[in-house]
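Working notes for the structure below.
The values are calculated or read from the model by the stated rules, or taken from the named source; none is laboratory data. If you're wondering where the values come from, they're calculated on a predicted model, not measured in any experiment. Quick reminder, even Gly has a Cβ in these numbers, built from the backbone with ideal geometry, and neighbours come from all protein chains shown.
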Amino acid sequence: MPRVIIVDDHPLFRVGLSYALKALEFEILAEAVDGADGVRRCLELRPDAVLLDAKMPNMDGLEACRQIHSSLPEVRIIMLTTFSEAALVQAAKDAGAIGFVSKETEAPRLADMIRKAIDDPNFTYFPKIDLPKLSNRELEVLKSMVLGKSNKEIAKELGLSPDTIKDHLENVYRKLEAQDRVTASQRARDLGLV
């Protein structure tokens, strides 16, 4: 019977997931309320797998993942999240997670993934994130914009006219589905473009 720890700061989600996995013949060793609690419980109970929410108070899931993976590399860590930004997916991989799964995944499918992860040391599951296709010039303009430079400053830096910079930014906004500089900057960070 697979031995699992669930780490999530939302009590209803935690309890519901625990109930669903118990019904699918999993042993739930513990339910932890944040990353620090999850690390402590993993070190104490040494589960086969841990289901780890990506964003939590006190210690987020990425830091908890790093610490668990560093101390217990044999534990299979699956990140559960409502977010699917490319940067977060990559950060989860870098931290030692073997999977990145939406919280909307049905319990039987999640159970299959956990079993595969435990049985096969080469098993991984990460969603494919389609990044917007920006030209090299659009990416240059975006990076300068994220640094807080004005259109005139970017134009001078790249040897282009301010109108050309404005055109590039309009393309960037459209491709990032953003209406302004702030939204485009945040979306670029979330996607790992800058």
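Details
- Qualifying residue in the range 176-187 (condition: farther than 28 Å from Lys55 by Cα, modelled with pLDDT of 90 or more, charged (D, E, K, R) and assigned to a helix (DSSP H, G or I)): no
- Taken over the range 150-175, the criterion of being over 25 Å from the mean Cα position of the chain (by Cα), assigned to a helix (DSSP H, G or I) and hydroxyl-bearing (Ser, Thr, Tyr) is satisfied by Thr164 alone.
- The conditions of being assigned to a helix (DSSP H, G or I) and at pLDDT below 95 are not met by Leu17.
- Test: residue in the range 74-84 that is in a helix (DSSP H, G or I) and closer than 21 Å to Arg115 by Cβ: no
- Within the range 126-144, residues that are of a type in the set (Lys, Arg) sit with their Cβ atoms under 9 Å from residues that are at pLDDT below 85, at 6+ positions apart or across chains, in these pairs: Lys143/Ala188; Lys143/Leu193; Lys143/Val194.
- For the range 150-183, the candidate set comprises residues that are small (Gly, Ala, Ser) and over 22 Å from Leu88 (Cβ atoms); within that set, the residue that is surrounded by the fewest Cβ atoms within 10 Å (Cβ to Cβ) is Gly159.
- Qualifying residue in the range 129-149 (condition: touching an Asp or Glu at 6+ places or on another chain (Cβ under 7 Å), crowded, with 16+ Cβ neighbours inside 10 Å and assigned to a helix (DSSP H, G or I)): yes
- Residue within the range 91-105 that is assigned to a helix (DSSP H, G or I), of a type in the set (Asp, Glu), surrounded by fewer than 15 Cβ atoms within 10 Å (Cβ to Cβ) and without any contact (Cβ under 8 Å) to a residue 60 or more places away in the chain present: yes
- Every residue from the range 36-83 that is crowded, with 16+ Cβ neighbours inside 10 Å and over 21 Å from Pro11 (Cα atoms): Asp48, Arg66, Gln67, Ile68, His69, Leu72, Val75, Arg76
- Selected residue (criterion: nearest to Glu63 (Cα to Cα)) from residues of the range 1-35 that are aromatic (Phe, Trp, Tyr) and surrounded by fewer than 19 Cβ atoms within 10 Å (Cβ to Cβ): Phe13
- Residue within the range 38-47 that is within 19 Å of Arg115 (Cα to Cα), outside any loop (DSSP other than H, G, I, E, B) and in contact (Cβ under 8 Å) with a residue 12 or more places away in the chain present: yes
- Scanning the range 113-125 for residues that are in contact (Cβ under 8 Å) with a residue 24 or more places away in the chain and either among the charged types (D, E, K, R) or closer than 14 Å to Phe100 by Cα (or both) yields Met113, Ile114, Arg115, Ala117, Phe123, Thr124, Tyr125.
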